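Only one structure is covered here, and it is reproduced in the block below.
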Amino acid sequence: MYQLTVRRDEANYFVYAWANLNSQIGFNDASGHSTSAIIGYNTDQTNNHGELAFSTRNAQGLPPEERMRISKDGNVSINTTNVTEGQLQVNGD
């Protein structure tokens, strides 16, 4: 695992990379608590397919949860991980 830390004002930004698995950019508050992340998933090593997931935290003390995903085919899901039904899937108002 590789970690890069860049500090700007009171925020910390982290980049994590694992060979053949996932890469993540994590965002923390001034206290070091994780607030959000962008995760790149390697979904098919043989064909080099990948997906991007965007996570945010909406309550203190909880880890960020996935809110949006872009599939290898360009389909987008918001508040759901089911991207097989069409190009854009939205769960909620």
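Values in this text are rule-based calculations from the coordinates and carry no lab data. Small disclaimer: the values here were computed from a predicted structure and weren't measured. FYI the Cβ positions are ideal-geometry reconstructions off the backbone, even for glycines, and counts take in every protein chain you see.
For Thr80, what residues show an amide H to amide H distance below 5 Å, using hydrogens built from the backbone and excluding near sequence neighbours?
For Thr80, whose amide H was placed from the backbone, the distant partners under 5 Å are Asn91.
Suppose each label sits 7 Å from its Cα in the direction of the beta carbon; what would the Thr43-Ala59 distance come out to in nanometres?
2.9
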